[in-house]
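The structure appears right after this line, and notes come after that.
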Amino acid sequence: MSEAVDSGPTVKLEHVHRIYHLEGEDIHAINDVTMEIWPGKMTAIVGRSGAGKTTLLNLIAGLDRPTQGEIWLLGRKMSQMPEAELLRLRREKLGFVFQSFGLLPLLTAAENVGVPLRMRGMPRRERERKIAQALEWVGLTERAHHRPYELSGGEQQRVAIARALATDPDLILADEPTGQLDSHTGETILKLLRRLVDERGVTLVIVSHDPAVKEEADVVHELRDGRLIGTTARVLPYSTGQSDATGVTM
């Protein structure tokens, strides 16, 4: 697993706004959000549909730019980074897990896991080793040569997690990873994501409306109508003077 860039937050947002102009009206998808995401923690961003969760995740990933405010990713100020540099940062430092799994249907599980490694130009022998390790870690070694249509929804999501894990990212971003799964399978996926943090030291951000995510996360940021209305933590990874270590809302 890659080491954190420094002892500071993995992601930092200061007074971030994202405003869309639709039919002469300003839509504040993200409204003056300030937050920090710390390394080695499972952080959840929760809220109802339309709260701005996915918009915020896209801003963190550099897939969208804020209308106002600043975002730092892995210690770098994103407003000062050209698109080519952001693309390289995403390819080399970030992993993604999507609600719809995002697997290529004609590729096997192993080939899907290897896609981001190929994009990095990784030599074949090293690539195959990392693919095997990632599939073993999610318990899918015996399904390596199966295509997505031959896998259950839970197995497909485990392939997606293996794909994110294989690149040794500094940060994994998961958008509604249990959204298309039944409650039992969703619980299994959450436990697997929890293990990523506890056993491998992964920094994980999950966007979800699933109540179970709130119970697994170390830190929970709640959005409503684009605003951050509260942050709850089991044990704060830093000292703010705003909360003790009992998990009260700041």
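The values are calculated or read from the model by the stated rules, or taken from the named source; none is laboratory data. Fair warning: this is a prediction, and the values are worked out from it, not measured in the lab. Quick reminder, even Gly has a Cβ in these numbers, built from the backbone with ideal geometry, and neighbours come from all protein chains shown.
Could you please let me know if His146 is in contact with a helix residue (DSSP H, G or I) (Cβ under 8 Å, 6 or more places away or on another chain), modelled with pLDDT of 95 or more and not aromatic (Phe, Trp, Tyr)? Against the criterion (in contact with a helix residue (DSSP H, G or I) (Cβ under 8 Å, 6 or more places away or on another chain), modelled with pLDDT of 95 or more and not aromatic (Phe, Trp, Tyr)), His146 qualifies.
Please tell me if Thr54 is among the polar types (S, T, N, Q), within 26 Å of Asp218 (Cβ to Cβ) and part of a strand (DSSP E or B). The answer is no for Thr54.
Test Ala132 against the criterion of being touching a residue at least 12 places away in the same chain (Cβ under 8 Å), in a helix (DSSP H, G or I) and within 25 Å of Ile60 (Cβ to Cβ), and give yes or no.
Working: touching a residue at least 12 places away in the same chain (Cβ under 8 Å): yes; in a helix (DSSP H, G or I): yes; within 25 Å of Ile60 (Cβ to Cβ): no.
Considered against the rule, which asks whether it is touching a residue at least 12 places away in the same chain (Cβ under 8 Å), in a helix (DSSP H, G or I) and within 25 Å of Ile60 (Cβ to Cβ), Ala132 comes out as no.
In the range 184-194, the condition of being within 23 Å of Leu59 (Cα to Cα) and modelled with pLDDT under 90 is met by no residue.
Could you please let me know if Ala110 is surrounded by 18 or more Cβ atoms within 10 Å (Cβ to Cβ), more than 17 Å from the chain's Cα centre (by Cα) and outside any strand (DSSP E or B)? Talk me through it step by step, then tell me what you get.
Working: surrounded by 18 or more Cβ atoms within 10 Å (Cβ to Cβ): yes; more than 17 Å from the chain's Cα centre (by Cα): yes; outside any strand (DSSP E or B): yes.
So Ala110 fits the description; yes.
Residues of the range 56-88 that are surrounded by 20 or more Cβ atoms within 10 Å (Cβ to Cβ) and not aliphatic (A, V, I, L, M): Pro66 alone.
Matching residues to (1) among the small types (Gly, Ala, Ser); (2) assigned to a helix (DSSP H, G or I); (3) at pLDDT below 90:
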{"position": "Glu3", "(1), (2), (3)": "no, no, yes"}
{"position": "Val16", "(1), (2), (3)": "no, no, no"}
{"position": "Val33", "(1), (2), (3)": "no, no, no"}
{"position": "Arg48", "(1), (2), (3)": "no, no, yes"}
{"position": "Asp64", "(1), (2), (3)": "no, no, no"}
{"position": "Glu92", "(1), (2), (3)": "no, yes, yes"}
{"position": "Phe96", "(1), (2), (3)": "no, no, no"}
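Being within 20 Å of Pro9 (Cα to Cα), loosely packed, with under 13 Cβ neighbours inside 10 Å and among the small types (Gly, Ala, Ser) is the requirement here; does Ser49 meet it?
On the way: within 20 Å of Pro9 (Cα to Cα): no; loosely packed, with under 13 Cβ neighbours inside 10 Å: yes; among the small types (Gly, Ala, Ser): yes.
In short, no.
Any residue that is out of contact with any strand residue (DSSP E or B) (no Cβ under 7 Å at 6 or more places or on another chain), free of Cβ contacts under 8 Å to residues at least 24 places away in the same chain and not charged (D, E, K, R) - is there at least one of those in the range 166-182? Checked against the condition, which is being out of contact with any strand residue (DSSP E or B) (no Cβ under 7 Å at 6 or more places or on another chain), free of Cβ contacts under 8 Å to residues at least 24 places away in the same chain and not charged (D, E, K, R), the range 166-182 yields no hits at all. Evaluation of Ser100 against the conditions (1) surrounded by 15 or more Cβ atoms within 10 Å (Cβ to Cβ); (2) of a type in the set (Gly, Ala, Ser); (3) over 19 Å from Leu196 (Cα atoms) shows that the sole unmet condition is (1). Each residue in the range 200-215 was checked for being under 21 Å from Thr185 (Cβ atoms) and surrounded by fewer than 19 Cβ atoms within 10 Å (Cβ to Cβ), and 5 pass.
Please verify whether Ala164 is closer than 21 Å to Asp218 by Cβ, surrounded by 19 or more Cβ atoms within 10 Å (Cβ to Cβ) and either modelled with pLDDT of 90 or more or within 20 Å of the chain's Cα centre (by Cα) (or both), treating the condition exactly as stated. Steps first, please.
Details: closer than 21 Å to Asp218 by Cβ: yes; surrounded by 19 or more Cβ atoms within 10 Å (Cβ to Cβ): yes; either modelled with pLDDT of 90 or more or within 20 Å of the chain's Cα centre (by Cα) (or both): yes.
Here the answer is yes, as Ala164 does meet what is asked.
Restricting to the range 66-86, count the residues that are under 17 Å from Thr10 (Cβ atoms), outside any loop (DSSP other than H, G, I, E, B), more than 15 Å from the chain's Cα centre (by Cα) and in contact (Cβ under 8 Å) with a residue 40 or more places away in the chain. Before you say what the answer is, go through the steps one by one.
Taking the range 66-86 and keeping what is under 17 Å from Thr10 (Cβ atoms), we get 70-78, 81, 86.
Right, trim to outside any loop (DSSP other than H, G, I, E, B) and you get 70-73, 76-78, 86.
Next cut, more than 15 Å from the chain's Cα centre (by Cα) only: 70-72, 76-78, 86.
Next cut, in contact (Cβ under 8 Å) with a residue 40 or more places away in the chain only: 70-72.
Of the residues in that region, 3 qualify.
In this structure, Arg194 does not satisfy being part of a helix (DSSP H, G or I), within 16 Å of the chain's Cα centre (by Cα), of a type in the set (Lys, Arg) and within 21 Å of Ala109 (Cα to Cα). Going through (1) more than 23 Å from Pro211 (Cα to Cα); (2) buried (at least 18 other Cβ atoms within 10 Å of the Cβ) one by one, Pro105 falls short only on (2).
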